[in-house]
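**Student:** Would you mind keeping the following structure in view while I ask a few things?
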Amino acid sequence: MVDTLVSPLAQGKKMLLALRLEGAAFGLCAAAGYFWLGGSWSLFALAFLAPDLSMLCYLGGPRLGALGYNSVHHYALALALGGGGVIMHAPLALDCGLILMAHIGFDRACGYGLKYERGFNFTHLGPIGSAGRGTARASGNLGAAS
C-alpha cells in the first residue's frame, strides 16, 4: 500500500537509504565471512579496489562504460565466483567472490550504484558528483534516464 501522506520524493529517499543500508550489510557480511574463513589481509587490500578497473571501459564511451562497470559490479558475479569456489573446492575463487561482494556492498553503501548509459554519474541509486548537485534530486528524478 502506498502511503499517500508521504511525497514520492520522501518515499524515494527512504528507499535509497534502505538500498544503501542493504549494501552496507552485504559488504560487512562478505568481509566478515572472508576473514572468518581465514582470508589474507594483503589479498583483501590488493583486490578490494580491482573491480574499479572496470571504469576503464568508459574510455569506449558511456554505453560501453556502463556495460563494463555494471557487469563487474553485479552481485550475481560475486555469487557465481564465490559459489563456484565452494562447489569446485577452489579457495581463491571463494576469496575473490567474497572480496567482490564486499566491494560492491561498500560501493552501494556510499551511493555508487549500477550505471545508466546516460553517463557515469547517473546510477540506480541516484545521480552522483556534479549530476547530484543539479536539479535531478530536487525534482525527484533519482537517476532514471530520460
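**Student:** Given the residues GLY23, GLY12, which is the only one that is within 21 Å of ASN121 (Cα to Cα) and either modelled with pLDDT under 95 or among the charged types (D, E, K, R) (or both)?
**Tutor:** On inspection, the qualifying residue turns out to be GLY12.
**Student:** Let me confirm something: among ASP107, ASP95, which residue is in contact with a Ser or Thr (Cβ under 9 Å, 6 or more places away or on another chain) and either part of a loop (DSSP other than H, G, I, E, B) or in contact (Cβ under 8 Å) with a residue 12 or more places away in the chain (or both)?
**Tutor:** Going through ASP107, ASP95 in turn, just one is in contact with a Ser or Thr (Cβ under 9 Å, 6 or more places away or on another chain) and either part of a loop (DSSP other than H, G, I, E, B) or in contact (Cβ under 8 Å) with a residue 12 or more places away in the chain (or both): ASP95.
**Student:** A follow-up question, please. Please find, among GLY119, GLY82, GLY105, the residue that is small (Gly, Ala, Ser), within 17 Å of PHE44 (Cβ to Cβ) and over 15 Å from the mean Cα position of the chain (by Cα).
**Tutor:** Among GLY119, GLY82, GLY105, only GLY82 is small (Gly, Ala, Ser), within 17 Å of PHE44 (Cβ to Cβ) and over 15 Å from the mean Cα position of the chain (by Cα).
**Student:** Right, something else. Return the residues of the range 79-120 that are under 15 Å from ALA24 (Cβ atoms), of a type outside the set (Val, Ile, Thr) and surrounded by 15 or more Cβ atoms within 10 Å (Cβ to Cβ); say none if nothing qualifies.
**Tutor:** Those that are under 15 Å from ALA24 (Cβ atoms), of a type outside the set (Val, Ile, Thr) and surrounded by 15 or more Cβ atoms within 10 Å (Cβ to Cβ): MET101, ALA102, HIS103, GLY105, PHE106, ASP107, ARG108, ALA109, GLY111, TYR112, GLY113.
**Student:** Residues of the range 30-54 being in a helix (DSSP H, G or I) and exposed (fewer than 15 other Cβ atoms within 10 Å of the Cβ), which ones?
**Tutor:** ALA32, PHE35, TRP36, TRP41, SER42, LEU43, ALA45, LEU46, ALA50, ASP52, LEU53
The values are calculated or read from the model by the stated rules, or taken from the named source; none is laboratory data. A quick note: this is a predicted structure, and the numbers were derived from the prediction, not measured. Neighbour counts run over all protein chains shown; Cβ positions are idealised from the backbone, glycine included.
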